[in-house]
Amino acid sequence: MFKLFKFQENNLLTYSLVFLIIFLGFVFRFYNINYENLWIDEIYSFWVTDPNLSFTETYLRLQTTESIPFLYYYLVKMCNKIFGYDPIVGRCFSAFFGFLSIFSVGILCKKFARNKSYLFATCLISLNIFLIVNSQEMRVYIFTFFLISLSLIFFLNLYKENKNKIFTKNFILFSFFIFTAILSHPFAIIVLASIIFFLILDYFLFSSNNTKVNISLILVSILTIGFLYHYMNYVSLNKIGWIEQPGIKFFTNFYFSKFFGSRLLGSIYLLALIICCVKFRKSLFQKFNVFSFFIILIIFSYSIPLLFGYIFYPIILDRYIFFVLIPILCLISHFIFQITPKLFSYSLAILICLITFFNHLFFENTLRQFYTEIYPNKPEIKKVLKHINLSDNSNFTFKTDDRVEINTNEIYENYYQKYLEKLKLKLNYISFKKQNDFPDTLWVIYLKDTTNIDYNISEKFNGYKVVDKKYFNRIELYLLSNKI
């Protein structure tokens, strides 16, 4: 039995299982990718990445709607130009980089693993529900995750490099990927700060001085300061004003329940991380190495946004810092394979994989969609439009949250019109710009925001009364009439 599970170079069973899990990771990210309609933030992304706009117009839209830098949106805009202006293009863009992240994190783990723990890390990344969900959204987060994983690969290469030449391949690639990660999301600066802090401690505690890494960090830091000066001139703090500082409950799981799909599974991973760090603490702190850096990155990923929130205003969210999964899963996968006896470590690795798989099988739509009916978590716009199409009234408009300062009606109109074309439905959209031309009866779609605030539709349409009301997932649909 021990030989059956031993990770050997030519172990056909081992590599077959890993290949199967990677294949599942591919299926989970791409299959049924367009099952759910876009949610609010994705609709904003879709509006910003219109390929028919000039780059200046795209930038102005970005300034209006987002608190995220421009890189991701320009790349998706280019894809929309090539493959067509359709929501599925942006989602496939995310899924592509989500799938590549399986390999990039596995390669990163292989940089310091003397055993086959990198295969275990590859499996955990492949099956991670949080990464899968973000790989199916037209948002920047999984793209940033991939860039950070690449920057860490080339950071380790550069850190260990013995060549006298400064501008080596690793120097260029590390500098490029860490800065592009920052250009995709400002929280990537946490990774840069972690690397700088790691090198400072390494210098003062162990007199280690890596000139090439230092030069690279100086160049990237100068570029980052210039970027921040530009970025802070256009980012609006009101766009993140809805974020709340975490309460006491946060400190019981540190988003692990969201990262891994459930409170139970999150607790298992958190406990595994704590046990591994305690048991192998000498490997972490006796001499600075990649494991020490991972601990610093984990601490900084949580502490910097939390402290910023206490001093200024809340900014921490699970999806903003989920690159912390890289050091978490690398540490767990590596140290589990250091446990003796080997039979126990292999059995523990298999058990974690099985628990994660069964979570998909019984509780997540990733596998449940193959054997039972599943229900979307995002607004069911398709059902709403089909319901209107089957009714006697084809007139419709929509209303969004008045607390938002920007003109969201134009943003929603852009998406609805494109979606109507895709569904080939002949509905009459009534633009908010022509309020005097409203018909006697019409449907009003209210796409509820993430706060679920109640909305009195009658107050927004003077002279109209609600004659019918339907509920869909995160959508309220009203039939209004002024004949009453």
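Based on what the data block shows, is residue 189 among the hydrophobic types (A, V, I, L, M, F, W, C), within 19 Å of residue 294 (Cα to Cα) and surrounded by fewer than 21 Cβ atoms within 10 Å (Cβ to Cβ)? Taking the combined requirement at face value, the residue satisfies it.
Okay, residues lined up against (1) touching a residue at least 12 places away in the same chain (Cβ under 8 Å); (2) among the small types (Gly, Ala, Ser); (3) within 30 Å of residue 427 (Cα to Cα):
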| position | (1), (2), (3) |
| --- | --- |
| 301 | yes, yes, no |
| 304 | yes, no, no |
| 307 | no, no, no |
| 313 | yes, no, no |
| 317 | yes, no, no |
| 332 | yes, no, no |
| 342 | yes, no, no |
| 380 | yes, no, yes |
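Those helices (runs of 4 or more DSSP H) of the stretch 191-289 in which 3 or more residues are among the hydroxyl-bearing types (Ser, Thr, Tyr) and in contact (Cβ under 8 Å) with a residue 12 or more places away in the chain occupy 211-234.
You will find that of 180, 168, the residue that is under 16 Å from residue 72 (Cα atoms) and touching a residue at least 40 places away in the same chain (Cβ under 8 Å) is 180 and no other.
The rows are residues; the columns are (1) in a strand (DSSP E or B); (2) at pLDDT 80 or above; (3) in the same structural domain as residue 67 (by TED's automatic domain parsing); (4) in contact with a Phe, Trp or Tyr (Cβ under 8 Å, 6 or more places away or on another chain).
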residue	(1), (2), (3), (4)
388	no, yes, no, yes
392	no, yes, no, no
417	no, yes, no, yes
436	no, no, no, no
444	yes, yes, no, yes
450	no, no, no, yes
469	yes, yes, no, yes
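The residues of the stretch 33-67 that are over 23 Å from residue 132 (Cα atoms), assigned to a helix (DSSP H, G or I) and either in contact with a Cys (Cβ under 8 Å, 6 or more places away or on another chain) or of a type in the set (A, V, I, L, M, F, W, C) (or both), listed by number, are 47, 48, 55, 60, 62. On the stretch given as the stretch 364-382, residues that are at pLDDT 90 or above and assigned to a helix (DSSP H, G or I) total 4.
In this structure, residue 196 qualifies as surrounded by 14 or more Cβ atoms within 10 Å (Cβ to Cβ) and farther than 24 Å from residue 72 by Cα.
Kindly evaluate residue 28 against the criterion of being assigned to a helix (DSSP H, G or I), over 30 Å from residue 346 (Cα atoms) and in contact with a helix residue (DSSP H, G or I) (Cβ under 8 Å, 6 or more places away or on another chain). No: the conditions fail for residue 28.
Scanning the stretch 117-174 for residues that are more than 14 Å from the chain's Cα centre (by Cα) and small (Gly, Ala, Ser) returns 117, 121, 126, 151.
If only residues of the stretch 394-410 that are in a loop (DSSP other than H, G, I, E, B) and hydroxyl-bearing (Ser, Thr, Tyr) are counted, the one that is modelled with the highest pLDDT is 394. On the basis of being surrounded by 15 or more Cβ atoms within 10 Å (Cβ to Cβ), in the same structural domain as residue 188 (by TED's automatic domain parsing), out of contact with any Asp or Glu (no Cβ under 8 Å at 6 or more places or on another chain) and of a type outside the set (A, V, I, L, M), does residue 313 make the cut? Spelling it out, it is not the case that residue 313 is surrounded by 15 or more Cβ atoms within 10 Å (Cβ to Cβ), in the same structural domain as residue 188 (by TED's automatic domain parsing), out of contact with any Asp or Glu (no Cβ under 8 Å at 6 or more places or on another chain) and of a type outside the set (A, V, I, L, M). Number of residues in the stretch 331-363 that are out of contact with any helix residue (DSSP H, G or I) (no Cβ under 6 Å at 6 or more places or on another chain) and assigned to a helix (DSSP H, G or I) equals 12.
Considering the conditions (1) at pLDDT 85 or above; (2) crowded, with 16+ Cβ neighbours inside 10 Å; (3) not polar (S, T, N, Q), residue 7 is excluded by exactly one of them, (1).
The values are calculated or read from the model by the stated rules, or taken from the named source; none is laboratory data. Bear in mind that the values here come from a model prediction, so they are computed numbers and not experimental data. Quick reminder, even Gly has a Cβ in these numbers, built from the backbone with ideal geometry, and neighbours come from all protein chains shown.
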